[in-house]
Amino acid sequence: MTADGFRRVVKCHLRRIRDAVLTVRAEDATKKGLYDTRKAALAVLIAFAGPVAAFDICAVVDIDRVGFERNEAVKNVDGAHWWIEMGGDLLLCGHADLITEAHDLGHGIDRIYHDIDPTRIRLIRGESNDREWDHLVQSLLRHRRLEVIQLQQANQTEMTALLGHSKIEPLPLPVTVIRQAENSPQKTTRHFGESTQTLVDEVDQARWFSDLETLASYNRYSYGDGIFDAENWIVQQLTAMPGMTVTTPGFSMGGREVHNVVGTLVGTARPDEWYIVGAHYDSTSENPQAAAPGAEDNASGCAGVLEMARIFSANPPHASVLFICYVGEEQGLLGSIDHASDLVSTGDSSRVQAMLNMDMIGFTSDSDLDCLLESESIGQFLIDAFSAAATTYTTLRIETTLFAWGSDHVPYLDRSIPALLTIENDWADYPDYHETGDLPNNITLAMGREILKMNVAALAEMAGGDSVLIFIDGFESGNLGRWTE
Ligand SMILES: [Zn+2]
């Protein structure tokens, strides 16, 4: 690429990032923006221009091919009524004359859909696997967890029913429910306490993997009997740890009582300051009555909770930490909803400083150890702290998003409790996701180990006590002595 071309691309990206952080533009109160840092070089922007008017044709435009200026211009041509950008593509919808107006885009138009009915269009976020409903929809544009679909005319009732039963969330158009997103992480250079390295060094990948294998040997389908064996085994592990108080709060699911497992370490100096480390221990597959090993999803995260619990029970934290393994995640986050709503009803939610969720931490499809940190605006400080921990103690490459979805951190965020998901960033490519083939031999030790090191370091800083989180480049918090070192 020429220097000029490079400058143009950089400018284009900067403008798109700037535009994306504006939630509501002054000149268009209906326009919403979302910025996703997952694709580092290319901002993901979702925006809607005006109310949805009638339209009957949609075109997919390759933004990089047409360039930023023409991409912006084409949104305003006569006949264009509605658009959405996802990744490097623009889906532009309007009347047939839109195509004539936009003809100068030439080879920048990837494809055109005719016979579009706006009332049947949905923006969904959800799973990319197990698309048993694929024949009921026409996929117009897809990027990661987000997809614009058109329901097939004949099957709307069937599709609506299916949407109600799967982990797919249809968002109404024009979108008003996408949560506010902010810009990329802040500067993440920090000092960490000397004791933090000691705790990080205690992460034992063999011990973690051994727990993962044990968990994967149980069928942990929440409607099966094996789930109780797994629960008992987790209770035994936590009970054996010094200082740990273990409870198994239950709730009703499928006509019987199932249990979360909660291990509590009461803080030695700040017992009323709570941190939660959680992961779901249940699993599923295409044939869950027969087998649901769920090694990656989510024996990896649950074994991660046990590994962190062991380290912190041997190094008692100043603040209290609750180590929780949730049941019923695959049926709609039931365990974490139960716990988070309990916190609200007992009034304890105000004590919780942060919730850390581990869901799928052991797979990588390549040598790049990329990890996604996912939260919402109230958890931006967690993204910053965990990014800093990753930079200081691990070889992880961090990506971030403020678009929280689909795992046990969400019920906490929904109740205004700051929560963060740590997940390996190749999860969408995991071939055995929700399959009976989700077995321990798919796991890469280094992936889990590095995520655990990051998580131990960040939790040690927040709950540990001896060390204080300090920004190198400011007076935001803490100890000037250390800052001037
Ligand atoms: Zn999971």
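The values are calculated or read from the model by the stated rules, or taken from the named source; none is laboratory data. Just so you know, these numbers come straight off a predicted model, no measurement behind them. When we count neighbours, we look across all protein chains shown, and the Cβ atoms used for this are built from the backbone with ideal geometry, even at glycine.
Before moving on, here are some points about what is shown:
- Sole residue being modelled with pLDDT of 95 or more, in contact with a His (Cβ under 7 Å, 6 or more places away or on another chain) and aromatic (Phe, Trp, Tyr), chosen from Tyr326, Tyr412: Tyr326
- The set of residues in the range 273-286 being away from the ligand (no atom under 14 Å from the Cβ) and modelled with pLDDT of 95 or more consists of Glu273, Trp274, Tyr275, Ile276, Val277.
- Boolean, Val77 is modelled with pLDDT of 75 or more, buried (at least 17 other Cβ atoms within 10 Å of the Cβ) and part of a loop (DSSP other than H, G, I, E, B): yes
- Residue in the range 386-399 that is within 16 Å of the ligand (Cβ to nearest atom), crowded, with 24+ Cβ neighbours inside 10 Å and not hydroxyl-bearing (Ser, Thr, Tyr) present: no
- Neighbours by Cβ (under 8 Å, 6+ apart or cross-chain): first from the range 289-313, in contact (Cβ under 8 Å) with a residue 40 or more places away in the chain and within 13 Å of Asn455 (Cα to Cα); second within 13 Å of the ligand (Cβ to nearest atom) and among the aromatic types (Phe, Trp, Tyr): none
- Check on Thr268, within 16 Å of the ligand (Cβ to nearest atom), of a type in the set (Val, Ile, Thr) and touching a residue at least 24 places away in the same chain (Cβ under 8 Å): no
- Qualifying position, being within 16 Å of the ligand (Cβ to nearest atom), within 22 Å of the chain's Cα centre (by Cα) and either modelled with pLDDT under 95 or polar (S, T, N, Q) (or both), among Gln353, Gln331, Gln380: Gln331
- Subset of the range 202-224 [within 25 Å of the chain's Cα centre (by Cα) and hydrophobic (A, V, I, L, M, F, W, C)]: Val203, Trp208, Phe209, Leu212, Leu215, Ala216
- Residue in the range 341-348 that is assigned to a loop (DSSP other than H, G, I, E, B), away from the ligand (no atom under 16 Å from the Cβ), of a type outside the set (A, V, I, L, M, F, W, C) and more than 23 Å from Ala446 (Cα to Cα) present: yes
- The number of residues in the range 401-439 being away from the ligand (no atom under 16 Å from the Cβ) and not in a loop (DSSP other than H, G, I, E, B) comes to 3.
- Positions within the range 293-302 being part of a loop (DSSP other than H, G, I, E, B) and within 12 Å of the ligand (Cβ to nearest atom), in sequence order: Gly294
- Among the residues listed as Thr284, Thr198, Thr268, the single one being surrounded by fewer than 17 Cβ atoms within 10 Å (Cβ to Cβ), among the hydroxyl-bearing types (Ser, Thr, Tyr) and assigned to a loop (DSSP other than H, G, I, E, B): Thr268
- Selection status of Met360, within 16 Å of the ligand (Cβ to nearest atom) and farther than 26 Å from Thr268 by Cα: yes
- When residues of the range 400-435 are limited to those that are among the small types (Gly, Ala, Ser) and under 9 Å from the mean Cα position of the chain (by Cα), the one surrounded by the most Cβ atoms within 10 Å (Cβ to Cβ): Ser407
- Odd one out for Pro316 among (1) of a type outside the set (D, E, K, R); (2) outside any strand (DSSP E or B); (3) modelled with pLDDT of 95 or more; (4) more than 12 Å from the ligand (Cβ to nearest atom): (3)
- Filter result for Ile324 (more than 12 Å from the ligand (Cβ to nearest atom), buried (at least 24 other Cβ atoms within 10 Å of the Cβ) and under 18 Å from the mean Cα position of the chain (by Cα)): no
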